[in-house]
Amino acid sequence: MIFTIHRGANEIGGSCVEVCTEKNRIILDIGMPLMNKDGSSFDSSVIKDLSIDEMIKEKILPNIPALYKKTRDKETAIIISHSHQDHYGLIDFVDNDIPVYLGKASHKLIELTAVFGGRKPVIKKPIYITSYEIFTFGDIEITPYFMDHACCDAYAFLLKGEGKTIFYSGDFRGHGRKWRSFNKFLHIAPKNVDYMLMEGTSISRSNRRFETEEQLEEQFIKTFKDTKGINFVYVSGQNIDRLVTIFRACRRCKKLFVMDFYIANVLFELAELGFGVPYPSRNFPEVKVFNPTLLTKRIQNLNRNDLIDRFAQFNIDYEEINEQAKNIVMTIRSSMAHEIKKIKKLKGATLIYSMWEGYKDNSYTKKFLNDIVKSGATINTIHTSGHADNYTLKKMYNAVLPKMLIPIHTVDADKYQELFIEAVVNQVIDGETIGNENKDTSLLTALEEIGKVYEKSGILPKTENDKILDTVQQYLNIICNKLKINEVQAVLFGNMVNIFDGYEIPLKSIADFIGCKPIKLINYIDDLKILDDKKLIKINNYTEPEEWQNIMTFNIAINTLTDLKDNKVPDTEKENKKIIRFPKK
């Protein structure tokens, strides 16, 4: 069983992992990206006019042809860990004959999001999973583990196949309303798995413990009591834990909790599935519903008035909201600027921002919040992360104790080794395949291919000229991540691997030359069998060959890499003359 992280090795959001045996394939999540390559926010509207091939070329869709065709080389299935779009958002483009495993509540929330977004639900073959209930797909056995996360119905997964085990954490935390679920997992967690793919969204933040939802509840109560006017809460409609926290604070302060009918439908559907959440009903008289103008028109145009009418007896109009402003806690979003104008008195009001700070960079959100302040309201932030703090990350690692820890859903993969000192951390790159039992073929291939660029024949990797930079950079990244060396060192090492074939070269000399500790090269060269033991001088008998021409080779490597980055193809005859021939010992 092997696996490839197609997106997420050094990125938050857009998660997608392909797990394969000889006969079967499982895709763990197929998420919409949250950011572009330059770190700016990803605009999902840019893909509406793109073909599948174009999206694959732009590296928006994962390059897994079996997902988009009726004929496939292996039996294929998708597993969705939870209902956040950065984990399922590209499911629309997948062939609808492919079965999709997910929680029943997750499916319902995905359907609701599609309807309210003006799209048709696209998961045609849902297969519902239950926490701790093992299921199989072909020769792969899967165990779902219910996790504490900001949304409900989030899972981690253990996969077993062909004698190997992979644990995929999904998104999780231990300080939410479902913290007991995480504690339960710690007691029954699978032990000593081969590979653990663990999210690290918040790993770069300080080692302080994140605030709990219970602590946030107290902060909401204080703010509600201190505010002289209406309280607005800027919150995600699928942050179920936060909505419960707000409701509890409202009940304790004897305030009305006024929500738009999208949030009302989310909570209603979850309650129907047995989740103990408050929703507009006789059981929760303090919950009221308002109908935002733009959202109402959109749903009416879709002939889905049922989503509006089901809460008619619990509606509250703007006249009532204005009359009871001091007693109102009202959910809002940047699309509801028109609704804010209907509130007569904003002076003395408080807007509580209860989402990730990064969303404030969005131009619409920024303008919306600025206009609120200009109207006389005060902005206050009450929020805690939907992801694990470092304390919780360590708890999960110690519960599982994997043979190899692989960062995912993070922009700080280099922080893992600092936090998990005793772990074998493997920083992979998107597109790298892991799991070959005998050798790390991705690294071996990378070394061989990058070496070709500098070998005496001057042959470049077989790519079109305008793709040379991307190809070489991919190989360089693999080598650098594996050996913890920089690009120049990687180029030189790749050069040596090819040129030294058949030569006896002191390993320490190679290590010294590229500025890398011998033990790192011993581990990788020995494991990968790049050089046989017979070709290495005994470790205790290192001597420097007389004819090493370090400076010259260094310059050749730098110049060649520069040419590649300028999309210049080295001339074969000229390159032949530049190659340094290292002597046999």
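Read-outs throughout are calculated quantities, based only on the coordinates presented, and are distinct from any laboratory measurement. All values reported here derive from a predicted model rather than from experimental measurement. Cβ sites come from the backbone with ideal geometry, for glycine too, and all protein chains shown count toward neighbours.
Lys and Arg at +1, Asp and Glu at -1: add these up for the other residues within a Cβ distance under 9 Å of Thr4 and post the number. Can you show the working numbers first?
Working: positive: none; negative: Glu18, Asp430, Glu432.
Spelling it out: positives minus negatives among the neighbours equals -3.
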Label model pair Lys225, Asn305: point-to-point distance (7 angstrom along the Cα→beta-carbon line) in nm is 4.6 nm
Which of Lys184/Lys255; Lys104/Lys222; Lys74/Lys191; Lys124/Lys288; Lys57/Lys360; Lys225/Lys341 exceed 26 Å between C-alpha atoms? The answer is Lys184/Lys255; Lys104/Lys222; Lys74/Lys191; Lys124/Lys288; Lys57/Lys360
For the stretch 92-141, listing trypsin sites (Lys or Arg not before Pro) in a DSSP loop whose Cβ sees at most 13 other Cβ atoms within 10 Å gives Arg119, Lys124
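Can you pull out the GluC sites (Glu not before Pro) in the stretch 118-227 whose DSSP state is coil and whose Cβ has at most 14 other Cβ atoms within 10 Å?
Details: sites: Glu133, Glu141, Glu162, Glu199, Glu211, Glu213, Glu214, Glu217, Glu218; in loops: Glu133, Glu162, Glu211.
Sites meeting the loop and neighbour criteria: Glu133.
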Of the listed links Lys164/Lys403; Lys23/Lys69; Lys178/Lys415; Lys48/Lys120; Lys254/Lys342, those spanning more than 19 angstrom between alpha carbons are Lys178/Lys415; Lys254/Lys342
Expressed in Å to one decimal, the Kirkwood Rh of the stretch 213-381 from all distinct alpha-carbon pairs is 16.2 Å
Distance in nm between Asp92 and Glu422 label points, each 7 Å along Cα→Cβ, equals 4.7 nm
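Using 0.36 nm per residue, how much length does the chain from Phe135 to Arg252 gain when fully extended, once their Cα-Cα distance is taken away? Let's see the in-between values first.
On the way: separation 117, 0.36 × 117 = 42.12 nm, distance 4.30 nm.
Full extension of this stretch gives 37.8 nm more.
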Mean separation of Cα contacts under 8 Å (at least 6 apart) over the residue count of the stretch 213-381, i.e. the relative contact order in percent, is 31 percent
Taking R0 as 41 Å and r as the Cβ-Cβ distance between Lys342 and Ser206, the FRET efficiency 1/(1 + (r/R0)^6), rounded to the nearest 0.05, comes to 0.50
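What's the exposure ranking of Cys253, Cys152, going from fewest to most Cβ atoms within 10 Å? If you can, show how the numbers build up before the last one.
On the way: Cys253 17, Cys152 26.
Ranked by crowding around the Cβ, least crowded first: Cys253, Cys152.
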In Å, the C-alpha Rg and Dmax of the stretch 148-292 are 18.5, 64
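Only loop residues by DSSP count here, and only those with at most 11 other Cβ atoms within 10 Å; note down the trypsin sites (Lys or Arg not before Pro) in the stretch 234-329 that meet that.
Working: sites: Arg242, Arg248, Arg251, Arg252, Lys254, Lys255, Arg282, Lys288, Lys297, Arg298, Arg304, Arg310, Lys326; in loops: Lys254, Lys255, Arg282, Arg304, Arg310.
Filter output for the stretch 234-329: Lys254, Arg282.
Take the Cβ-Cβ distance between Glu218 and Glu286 as r, set R0 to 25 Å, and report the resulting FRET efficiency rounded to the nearest 0.05.
With a Förster radius of 25 Å, E is 0.85.
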